[in-house]
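Here's the structure, in structure tokens; my notes come after.
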Amino acid sequence: MQSIGHWIDGKAVGGTSEATAPVTDPATGAVTGEVALANVADTRAAIDAATVAFATWRDASLTRRTQVLFRFRELLSERRTELAAVITAEHGKVAADALGEVTRGLEVVEFACGVPHLLKGGFTENASTDVDIYSIRQPLGPVAIITPFNFPAMVAMWFFPLAIGAGNTVVLKPSEKDPSAALWLARLWQEAGLPDGVFNVVQGDKVAVDELLDNPDVKAVSFVGSTPIAKYVYQRGTAAGKRVQALGGAKNHMVVLPDADLDLAADAAVNAGFGSAGERCMAISVVVAVGAVADDLVARISARAASIVTGDGATPGAEMGPLITRAHRDRVAEYIDAGETAGARVVLDGRTLTVDGAPNGFWLGPTILDEVTPTMSVYTDEIFGPVLSVVRVDTYAEAVALINANRYGNGTAIFTNDGGAGRRFQHEVEVGMVGINVAIPVPMAYFSFGGWKNSLFGDSHAHGTDGVHFFTRTKAVTTRWLDPSHGGVELGFPQNT
Ligand code: NAD
């Protein structure tokens, strides 16, 4: 049983709070650790360290900053399996999936290695006679990053490489359910040569989050989590005058048109629906079967899903791991009960799944509900588990209307061989990330990641140019090198000549 604390000013510290939360291995149900839950003083200690470090890190040359980023990239690349094992032990996702998470985070580190280019401003010569204007991007100060349990490494890496590359300092508040990946990353930063205090980790819950939102020394907040908390973070953070981007929950639909290749569509639905036990914000949770494809499509999806091997993520051969906690596992099972009671047809039932040798793991097998309607709770709510709902509609127009009426707008996909239909879909659908024959359309690091509607509060998406802009503020400088011809008193508003 390990004690999991904070990382402040380059040191592991236990903090002054008595409060703790248990950390479990979801595959066994065993409590493996106890994480400290920061009080206000602990959180302030991390903010203070970031504030002191900002004074020098903001002035570190771009050469110096990128040297540290390149070194961090090298170390992370070499040791990615080590981090993946840390993730599996507390989150439960299978080893290959955890490795995929680290690799997608690494992409953002690689993007941030080009930060000198990304920070370049503009220059206009002779905007007015003898007057030049240029713009520069400067860091904000200490920034907070608050992350969910489902990607304990990748989501933090959506933000901190660019934040640090741009000259900010960071306080990361990971999920209390899987807190160790953040500490692993903190040690790696130190090894890469990042000065102490530039990257800090404070473990905790609402108490720590509220201090990060209210403390005037924190200049910006990047949050990822469920919609109610995202909205709360956005409102409280902006009320305190901060820049906030708060990414929320999702209900991602995959439309299958009658002309689609049903085998490829079924493969994609299973991978996107049950990968990481459905605990991904880009998981497909609703398949929208258009026209006559439904029976055939459901049969192909269920045949594939029935053969998924569920087990301990650290065991070779396991394809899907457990859910994060027993309470969450039970909540997902209750949604399946409610769907069945409301009239959905349970085509594949994961509620009774057991795993040999692990009677106390938080198991729930792949589940498929057919004939789901938009009023059922299994449709309206984000379930965040291995449950695929199938909604049957007659036309493409009905499919798009269904998606556009949904309160979430994170990701969506259409499967078709009709290029015109794909193009029309990308134009008409009210969702931030769209896949055409791609079920999980997570953009690469040089594009930005983010949803619409209740899936994101704020103006900036994560990484890409949005990320660079979020973590910097611009200055426009107007210059003139004086000579006698510029003299004379003139009180009118300056005009260009
Ligand atoms: P969560 O909202 O419960 O927790 C997210 C963070 O907020 C954690 O660090 C947690 O400690 C903190 N928190 C929880 N309750 C709080 C409160 N009352 N006040 C202040 N802070 C609080 O989310 P989760 O269960 O960890 O993660 C799953 C959710 O995250 C899902 O809804 C999923 O869709 C969403 N998610 C979204 C994206 C995206 O890009 N849009 C990505 C990953 C996960």
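Got at least one residue in segment 124-142 being hydroxyl-bearing (Ser, Thr, Tyr), under 28 Å from GLY385 (Cα atoms), touching a strand residue (DSSP E or B) at 6+ places or on another chain (Cβ under 9 Å) and at pLDDT 95 or above? There is no residue in segment 124-142 that is hydroxyl-bearing (Ser, Thr, Tyr), under 28 Å from GLY385 (Cα atoms), touching a strand residue (DSSP E or B) at 6+ places or on another chain (Cβ under 9 Å) and at pLDDT 95 or above. Being free of Cβ contacts under 8 Å to residues at least 24 places away in the same chain, assigned by the TED database to the domain that holds GLU382 and either over 19 Å from GLU279 (Cα atoms) or surrounded by fewer than 22 Cβ atoms within 10 Å (Cβ to Cβ) (or both) holds for only one residue in VAL309, VAL347, VAL355, VAL298, and it is VAL309.
Selection of segment 380-410 for residues being within 16 Å of the ligand (Cβ to nearest atom) and of a type in the set (Phe, Trp, Tyr) yields PHE384, TYR408.
Table: residues versus (1) of a type in the set (A, V, I, L, M); (2) outside the structural domain of ALA269 (by the TED database).
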| residue | (1), (2) |
| --- | --- |
| HIS427 | no, no |
| VAL431 | yes, no |
| PRO443 | no, yes |
| SER448 | no, yes |
| VAL489 | yes, yes |
| GLY492 | no, yes |
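Counting only strands (runs of 3 or more DSSP E) wholly contained in segment 4-71, the ones carrying 3 or more residues that are over 28 Å from LEU162 (Cα atoms) occupy 20-25, 30-36.
Quick check on TYR446: is it of a type in the set (Phe, Trp, Tyr) and surrounded by fewer than 21 Cβ atoms within 10 Å (Cβ to Cβ)? Considered against the rule, which asks whether it is of a type in the set (Phe, Trp, Tyr) and surrounded by fewer than 21 Cβ atoms within 10 Å (Cβ to Cβ), TYR446 comes out as yes. The set of residues from segment 221-245 being surrounded by 24 or more Cβ atoms within 10 Å (Cβ to Cβ) and either over 17 Å from the mean Cα position of the chain (by Cα) or more than 9 Å from the ligand (Cβ to nearest atom) (or both) comprises VAL221, SER222, GLY237, VAL244, GLN245.
With the requirement that a residue be in contact with a strand residue (DSSP E or B) (Cβ under 8 Å, 6 or more places away or on another chain) and free of Cβ contacts under 8 Å to residues at least 40 places away in the same chain, what does segment 20-44 give you? Across segment 20-44, the qualifying residues are THR20, PRO22, VAL31, GLU34.
Return a yes/no flag: does segment 458-472 have any residue that is part of a strand (DSSP E or B) and away from the ligand (no atom under 16 Å from the Cβ). Yes, that holds for at least one residue.
Can you work out which of the residues in segment 30-64 that are touching a Gly at 6+ places or on another chain (Cβ under 6 Å) and not hydrophobic (A, V, I, L, M, F, W, C) is surrounded by the fewest Cβ atoms within 10 Å (Cβ to Cβ)? Residue satisfying both the conditions and the ranking: ARG58. The sole residue among GLY165, GLY121, GLY105, GLY114 that is under 25 Å from MET444 (Cβ atoms), small (Gly, Ala, Ser) and over 22 Å from the mean Cα position of the chain (by Cα) is GLY121.
When THR341, THR315, THR367 are checked against the criterion of being more than 22 Å from VAL86 (Cα to Cα), surrounded by fewer than 23 Cβ atoms within 10 Å (Cβ to Cβ) and of a type in the set (Ser, Thr, Tyr), a single residue qualifies: THR341. The helices (runs of 4 or more DSSP H) found wholly in segment 83-202 and carrying at least 2 residues that are touching a Phe, Trp or Tyr at 6+ places or on another chain (Cβ under 6 Å) and either in contact (Cβ under 8 Å) with a residue 60 or more places away in the chain or within 15 Å of the ligand (Cβ to nearest atom) (or both) occupy 95-112, 154-165, 180-192. Checked against (1) over 27 Å from ALA303 (Cβ atoms); (2) surrounded by fewer than 21 Cβ atoms within 10 Å (Cβ to Cβ), VAL400 meets all criteria but (2). Any chance segment 204-213 includes a residue that's out of contact with any Leu (no Cβ under 7 Å at 6 or more places or on another chain), of a type in the set (Asp, Glu) and crowded, with 24+ Cβ neighbours inside 10 Å? The answer is yes, given that some residue of segment 204-213 is out of contact with any Leu (no Cβ under 7 Å at 6 or more places or on another chain), of a type in the set (Asp, Glu) and crowded, with 24+ Cβ neighbours inside 10 Å. Among the listed residues VAL298, VAL287, identify the single one that is assigned to a helix (DSSP H, G or I) and either away from the ligand (no atom under 16 Å from the Cβ) or among the hydrophobic types (A, V, I, L, M, F, W, C) (or both). Every option except VAL298 fails the conditions.
Looking only at residues in segment 411-439 that are touching a Gly at 6+ places or on another chain (Cβ under 7 Å), closer than 28 Å to TYR234 by Cα and not in a strand (DSSP E or B), the one that is farthest from the ligand (Cβ to nearest atom) is GLU430.
Inclusion of ASP214 among residues that are farther than 30 Å from VAL298 by Cα, more than 9 Å from the ligand (Cβ to nearest atom) and of a type in the set (Asp, Glu) is warranted.
The values are calculated or read from the model by the stated rules, or taken from the named source; none is laboratory data. A quick note: this is a predicted structure, and the numbers were derived from the prediction, not measured. Ideal geometry is used to build each Cβ from the backbone, glycine not excepted, and the neighbour counts take in all protein chains shown.
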